[in-house]
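Please read the structure below before turning to the comments.
Quick note: the coordinates plus some simple rules give every number you see, no bench work behind them. All figures in this text were calculated on a predicted structure; none of them were measured in a lab. Methodologically, a virtual Cβ is constructed for each residue, glycine included, from the backbone with ideal geometry; neighbour enumeration extends over all protein chains shown.
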Amino acid sequence: MEIPTKAASPEKTQPFRTRLLPKRVLPPEEIAKRKAVKAEFGARCRVVFEKLRPQLIERYYNWFIAVAPDGEEYLIDPSLEGLVEKIRARYQDGMVKLTTYRLNETGVCGRI
């Protein structure tokens with residue numbers, strides 16, 4: 001019995017590529033800066049959410065709320081999908097900075 005020397009599949013002509021663009025490595029300072037900006041934005045939104053929660057929690061318990069820190073604007077919907085649709089309709093240019101919460105005692109959907 002003879003052992004075949006070549007594989008049954010044809011040989012690849014090009015190496016397998018996993019990235020279309022070259023890998024970009026961010027310096028640790030840039031990563032720290034981005035985390036700080038994100039944390040500051042979240043803190044500003046949390047302040048607005050804490051102001052709105054007592055007014056809205058009884059009527060809209062467990063609904064989703066998207067909060068903008070500047071101007072204290074918010075959008076509210078019982079489902080996350082509906083909230084996303086409202087956000088897309090309101091901010092059609094795609095430039096939107098909101099934080100989403102759940103109207104309950106903690107402001108989150110569950111525990112991990």
**Message:** List pairs: first residue in the range 49-67 and free of Cβ contacts under 8 Å to residues at least 12 places away in the same chain and surrounded by 12 or more Cβ atoms within 10 Å (Cβ to Cβ), second residue hydroxyl-bearing (Ser, Thr, Tyr) and in a helix (DSSP H, G or I) anywhere in the structure, Cβ distance under 6 angstrom, at least six positions apart or on different chains.
**Reply:** none
**Asked** Would you call residue 91 in contact (Cβ under 8 Å) with a residue 40 or more places away in the chain and surrounded by 10 or more Cβ atoms within 10 Å (Cβ to Cβ)?
**Response** no
**Close pairs (9 angstrom Cβ cut-off, 6 or more residues apart or separate chains): surrounded by 10 or more Cβ atoms within 10 Å (Cβ to Cβ) in the range 22-37, hydroxyl-bearing (Ser, Thr, Tyr) and outside any loop (DSSP other than H, G, I, E, B) anywhere** = none
